[in-house]
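> Handing you a structure now.
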Amino acid sequence: MVQQKLFVNCLFLAMIGLLLAPISASNKIYFEGGPATLYELLYGPEPAPNISQTSPLRIQILQNIIAWMQQAEERGINLLNLPLIDREGVTICDLKILKQAGFKPIQDLGNLLPMILAEAKKRNIAISIPLDDLGYIVYNIRPYKEWIDSNKLDCQNIAGFIAELGEYAQNYQVELWINEQTFGPEYRQILSIACHKHRIRYLRYSGDWDGSSEVFCSEDYATYPINPEENQDDAQYLQHLVQWGSIHGRIGLSNLMFGIANACQKETGVLTVGGWGLQPGTQCNVAIYRAVQFAPIVYGFYPAYYSEAPYIHLQDAIFVKSFQYQRQLLPWLEKFGRKKDDHPKPIANLILDIPSNLEPKIKATVEEALFSSIEAITNAITSAGMELHVTMQTIVPNSQLYYIFTIGTSSTTIETSSAENRIYDISPTLLSLFPCNHPVFLQTALGLPFGPNWQKVAPYFGLPNEARTLSQDSQNPGESPIPKYITYGFPDSNLYSIHYKGFQMGFSDPAGAGQSSALHKLAKLDELAGGTQILVRGPEAQKSPALITRKGHYFFVNGNFIHISVSNLLANFMAEQPIFYRPSGVYLTTGIERSSLFSSQDTQIDIRLPQSLQSSIWHWQSNGTLYEKSPLQWQNQHLMGPVQKWELVIVAKSR
């Protein structure tokens with residue numbers, strides 16, 4: 001199926017949403033929790049409920065499920081995860097589509113769904129049904145019992161399954177959700193239409209480009225590993241993130257999903273775990289930070305588990321099972337979450353100029369470069385007080401800033417016709433952006449673009465029509481063409497050394513975590529047009545490469561892997577007035593009413609914010625507990641002092 005343009009899909013689905021609005025209140029905040037698997041559901045929560053072992057199995061299981069609901073109610077969870085099936089081929093409900101596919105009711109249990117929904121209705125708890133096991137079967141991703149017929153789980157039957165759930169939801173007057181992250185676009189569109197028709201809410205983890213799901217939910221598990229090349233702790237941290245599968249759950253990378261949701265006008269959620277790259281209690285800080293940024297409507301904390309001993313992070317599990325959402329989180333969300341009457345922020349449109357038909361080798365380079373650089377790009381935008389909207393080869397009209405991430409060419413010589421070169425032009429859909437009255441930033445995943453469209457665009461940036469692309473030196477395979485550090489004069493006129501080169505998040509040898517530069521590219525800019533400033537150079541003065549250039553309000557960011565520290569520089573270039581007065585390793589979101597930072601490392605800050613001395617400082621430690629008195633202090637509009645890794649700070653004017 002040919003993927004339609006982002007805005008077309010979003011408009012189509014938004015129109016359906018207006019006609020068939022979900023049954024829940026639009027301003028309601030949901031706290032998600034409950035069992036992750038069917039067997040966890042059946043055996044009940046810990047501590048085990050007091051149930052007579054002489055009771056019939058059906059009664060014991062029902063009481064276990066009711067115990068889950070009671071625990072959820074006590075902890076303030078109002079969206080209970082309810083697995084209905086297992087890939088072992090069993091189910092706890094009597095749904096026609098599942099039976100046709102081969103799922104069998106567990107012996108002596110029968111259909112438990114009516115009683116579960118009746119109990120949920122009584123307790124005013126919404127139910128969210130995970131579909132990932134169905135997705136694993138459809139795509140043969142994970143093993144399943146041989147009697148399950150995956151052909152009976154085609155798009156039409158999945159739509160029928162949603163219709164059956166919708167009938168139950170209507171009969172029992174229960175708010176019903178589905179959640180998944182495995183289905184491809186052909187299924188997602190069917191799920192979207194069926195869910196809207198039957199008034200079921202559709203949550204997708206990590207969102208989707210086609211705008212099918214109603215709620216995009218981030219998976220926030222980790223922060224950017226700062227210096228794995230030189231720091232053993234950072235190298236081990238990166239190794240763990242890859243091992244646990246949480247490398248793509250970095251907070252700065254998840255900004256991308258929120259930006260897509262903004263462009264699609266979708267609601268959002270945040271799921272966070274303490275033991276996959278954070279620590280127990282940090283979930284609170286992440287949730288509150290996201291509330292300041294994007295005001296999600298769904299929040300969920302889950303304990304970390306592992307594929308080998310110790311299998312579960314005990315402290316994380318204890319924290320999650322004892323956490324009281326209504327008491328410990330909701331007041332902060334209501335106090336600091338974004339409000340509808342806040343001053344609107346100017347829109348910054350991040351445009352990913354990436355065609356869908358890339359060959360695998362180029363696609364791998366583009367994805368790795370984007371996954372490394374995206375934290376610097378998105379953090380700069382939110383630091384500068386702008387609203388992030390992310391689109392694919394599409395312009396958001398009336399944006400106040402544009403950042404184009406395009407492919408370019410891998411030309412290592414000026415002979416661009418060489419068979420080894422891969423050449424990509426700027427997308428023709430972006431030509432209407434030029435000339436532009438607002439700042440436009442450009443970065444490439446390879447070298448400079450090449451072609452007729454680029455020839456029209458290049459003069460605006462003061463860049464040549466073609467240039468060599470510098471790659472890893474074959475004689476020194478560990479040597480990147482991108483400078484590791486630069487020295488830059490921040491607004492206080494002090495020179496600081498900061499990271500410039502980012503690093504590849506993937507690796508085959510754990511000992512090489514953060515060491516590889518095989519995919520690194522840098523445009524060799526020998527000549528720049530008159531009037532083009534070099535804002536940032538490499539470390540060797542006049543002989544070093546131009547890294548960030550400016551001609552008027554057109555900026556070029558050179559190098560396909562840039563470090564999160566570069567967000568400090570980019571934010572200062574984007575904002576009307578400088579934000580960072582010294583390098584600061586923080587994720588930052590600024591706004592008229594409130595500003596917030598979440599620290600990715602131990603760091604000193606000197607940050608100019610819209611708030612001032614009259615604004616209070618709230619400062620949480622990394623375990624989610626509030627300082628009695630923050631070590632930070634105001635000097636005019638500058639917030640200054642030390643912040644430790646994974647701490648959260650909010651400053652807000654009195655309303």
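> Output the residue which, of all residues in the range 224-253 that are under 17 Å from Gly502 (Cα atoms) and of a type in the set (Phe, Trp, Tyr), is surrounded by the most Cβ atoms within 10 Å (Cβ to Cβ).
Restricting to residues being under 17 Å from Gly502 (Cα atoms) and of a type in the set (Phe, Trp, Tyr), the top hit is Tyr224.
> Sticking with this one: With the requirement that a residue be within 27 Å of Phe503 (Cβ to Cβ) and either part of a loop (DSSP other than H, G, I, E, B) or open to solvent by 40 Å² or more (accessible area, probe 1.4 Å) (or both), what does the range 369-392 give you?
Phe371, Ala384, Met386, Met392
> Then there's this: Within the range 104-124, can you find the residues that are in a loop (DSSP other than H, G, I, E, B) and under 19 Å from Ile61 (Cα atoms)?
Result: Ile106, Gln107, Asp108, Leu109, Gly110, Asn111, Leu112.
> Can you tell me which residue in the range 195-223 is most open to solvent (accessible area, probe 1.4 Å), limited to those that are of a type in the set (A, V, I, L, M, F, W, C) and touching a helix residue (DSSP H, G or I) at 6+ places or on another chain (Cβ under 9 Å)?
Result: Trp209.
> Here's something else I'd like to know. Being part of a loop (DSSP other than H, G, I, E, B), out of contact with any Lys or Arg (no Cβ under 8 Å at 6 or more places or on another chain), open to solvent by 10 Å² or more (accessible area, probe 1.4 Å) and not basic (Lys, Arg): is that true of Glu186 here?
no
> Considering the range 206-223 alone, what residues qualify as being of a type in the set (Phe, Trp, Tyr) and in contact with a Gly (Cβ under 6 Å, 6 or more places away or on another chain)?
Phe216, Tyr221, listed by residue number.
> Look through Leu256, Leu278, Leu271 and report the one residue that is assigned to a strand (DSSP E or B), open to solvent by 10 Å² or more (accessible area, probe 1.4 Å), modelled with pLDDT of 95 or more and in contact with a strand residue (DSSP E or B) (Cβ under 8 Å, 6 or more places away or on another chain).
Leu271
> Test Trp177 against the criterion of being open to solvent by 40 Å² or more (accessible area, probe 1.4 Å), modelled with pLDDT of 95 or more and either aliphatic (A, V, I, L, M) or outside any helix (DSSP H, G or I) (or both), and give yes or no.
Judged against the criteria, Trp177 is not a match.
> Still on this structure, I have one more. Run down Ile97, Ile137, Ile148 and say which single residue is farther than 30 Å from Ser55 by Cβ, touching a residue at least 60 places away in the same chain (Cβ under 8 Å) and in a helix (DSSP H, G or I).
Among Ile97, Ile137, Ile148, only Ile97 is farther than 30 Å from Ser55 by Cβ, touching a residue at least 60 places away in the same chain (Cβ under 8 Å) and in a helix (DSSP H, G or I).
> Something else now. Quick one: which of Leu203, Leu165 is over 21 Å from the mean Cα position of the chain (by Cα) and in contact (Cβ under 8 Å) with a residue 60 or more places away in the chain?
Criteria check complete, one pass: Leu165.
> Sort through Ile106, Ile59 and tell me the only one that's at pLDDT below 95, hydrophobic (A, V, I, L, M, F, W, C) and open to solvent by 60 Å² or more (accessible area, probe 1.4 Å).
Just one listed residue meets the conditions, Ile59.
> Using beta carbons and a limit of 7 Å, which pairs, at least six apart or on different chains, have the first residue in the range 218-234 and farther than 30 Å from Pro296 by Cβ and the second one of a type in the set (Lys, Arg) and open to solvent by 10 Å² or more (accessible area, probe 1.4 Å)?
Close Cβ pairs satisfying both conditions: none exist.
> Here is a further query. Need pairs with beta-carbon distance below 9 Å; first residue over 23 Å from Glu229 (Cα atoms) and open to solvent by 40 Å² or more (accessible area, probe 1.4 Å) and within the range 517-530, second outside any loop (DSSP other than H, G, I, E, B) and β-branched (Val, Ile, Thr); sequence gap 6+ or separate chains.
Filtered contacts from the range 517-530: Lys524/Thr469; Leu528/Ile534; Leu528/Thr549.
> Scan the range 587-603 and give yes if some residue there is open to solvent by 10 Å² or more (accessible area, probe 1.4 Å), part of a strand (DSSP E or B), under 25 Å from Pro491 (Cβ atoms) and without any contact (Cβ under 8 Å) to a residue 40 or more places away in the chain, otherwise no.
no
> It is to be established whether one or more residues within the range 77-85 are modelled with pLDDT of 75 or more, under 29 Å from Tyr299 (Cβ atoms) and among the polar types (S, T, N, Q).
Checked the range 77-85: at least one residue is modelled with pLDDT of 75 or more, under 29 Å from Tyr299 (Cβ atoms) and among the polar types (S, T, N, Q).
> If you don't mind, another one. Of the conditions (1) within 32 Å of the chain's Cα centre (by Cα); (2) at positive phi; (3) of a type outside the set (A, V, I, L, M, F, W, C), Pro143 fails just one. Which one is it?
If we test Pro143 against (1) within 32 Å of the chain's Cα centre (by Cα); (2) at positive phi; (3) of a type outside the set (A, V, I, L, M, F, W, C), just (2) comes out false.
Here's the yes/no breakdown for (1) in contact with a His (Cβ under 6 Å, 6 or more places away or on another chain); (2) over 30 Å from Gly530 (Cβ atoms); (3) at pLDDT below 95:
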| site | (1), (2), (3) |
| --- | --- |
| His563 | yes, yes, no |
| Ala575 | no, no, no |
| Ser596 | no, yes, no |
| Gln604 | no, yes, no |
| Arg608 | yes, yes, no |
| Leu632 | no, yes, no |
| Ile650 | no, yes, no |
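> Does Phe161 satisfy being more than 19 Å from Trp68 (Cα to Cα), in a loop (DSSP other than H, G, I, E, B) and open to solvent by less than 10 Å² (accessible area, probe 1.4 Å)?
no
> Next up: Which residues, counting only those in the range 609-621, are surrounded by fewer than 18 Cβ atoms within 10 Å (Cβ to Cβ) and under 29 Å from Asn231 (Cβ atoms)?
Residue satisfying the conditions is Gln621 alone.
The values are calculated or read from the model by the stated rules, or taken from the named source; none is laboratory data. Model, not experiment: these values are computed from the prediction. Cβ sites come from the backbone with ideal geometry, for glycine too, and all protein chains shown count toward neighbours. Keep in mind that these areas ignore ligands, DNA and RNA; they rest on the heavy atoms of the full protein, side chains included. Shrake-Rupley method; radii C 1.70, N 1.55, O 1.52, S 1.80 Å.
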